[in-house]
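The values are calculated or read from the model by the stated rules, or taken from the named source; none is laboratory data. Quick caveat: nothing in here was measured; it's all calculated off a predicted structure. Virtual Cβ from ideal backbone geometry, glycine too; neighbours counted across all protein chains shown.
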Amino acid sequence: MRAFPCNQCGQCCRNVHLAEQTRFLDRGDGVCRHFSEDSKHCTIYVDRPDICRVDRQYRMHYAERYAWDEFVELNLQVCQVLAFQS
Ligand code: SF4
């Protein structure tokens, strides 16, 4: 299984208000409370929640419906939508 090709743009971490599953991370303006504006990285990366782990989400919920490469492509489409919005 190839690694998810995250380019660390941070758009998913800046838009946690858009998905019910990530809304609990919202610091009040749509940005995750664990996102560092200075470093542009997750400050709890090693201990980040399951919902932030693409590979774990795949194994837990989507492996029976999609091949890994399909799942990666679907997620990359969301990345593109978020990048387009910013
Ligand atoms: S916990 Fe970390 S990886 Fe998850 S949305 Fe927040 S900053 Fe991003």
So the check is Cβ under 9 Å with 6+ separation or different chains; which pairs have a first residue in segment 32-43 that's in contact (Cβ under 8 Å) with a residue 24 or more places away in the chain and a second one that's among the β-branched types (Val, Ile, Thr)? Phe35/Val16; Phe35/Thr43
Would you point out the residue of segment 45-55, among those that are within 15 Å of Met1 (Cα to Cα) and assigned to a helix (DSSP H, G or I), that is nearest to the ligand (Cβ to nearest atom)? Val54
Looking for something touching a Pro at 6+ places or on another chain (Cβ under 9 Å) and either not hydroxyl-bearing (Ser, Thr, Tyr) or not in a loop (DSSP other than H, G, I, E, B) (or both) - is there at least one such residue anywhere in segment 36-44? no
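Quick grid of which residues meet (1) assigned to a loop (DSSP other than H, G, I, E, B); (2) modelled with pLDDT of 95 or more; (3) surrounded by 12 or more Cβ atoms within 10 Å (Cβ to Cβ):
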| position | (1), (2), (3) |
| --- | --- |
| Gln8 | yes, no, no |
| Cys13 | yes, yes, yes |
| His17 | no, yes, yes |
| Gly30 | yes, yes, yes |
| Gln57 | no, yes, yes |
| Tyr66 | yes, yes, yes |
Testing Trp68 on (1) more than 19 Å from Met1 (Cβ to Cβ); (2) touching a residue at least 60 places away in the same chain (Cβ under 8 Å), one condition comes back false. Which one is that? (1)
Determine whether Arg23 is within 13 Å of the ligand (Cβ to nearest atom), within 14 Å of the chain's Cα centre (by Cα) and within 16 Å of Phe4 (Cβ to Cβ). no
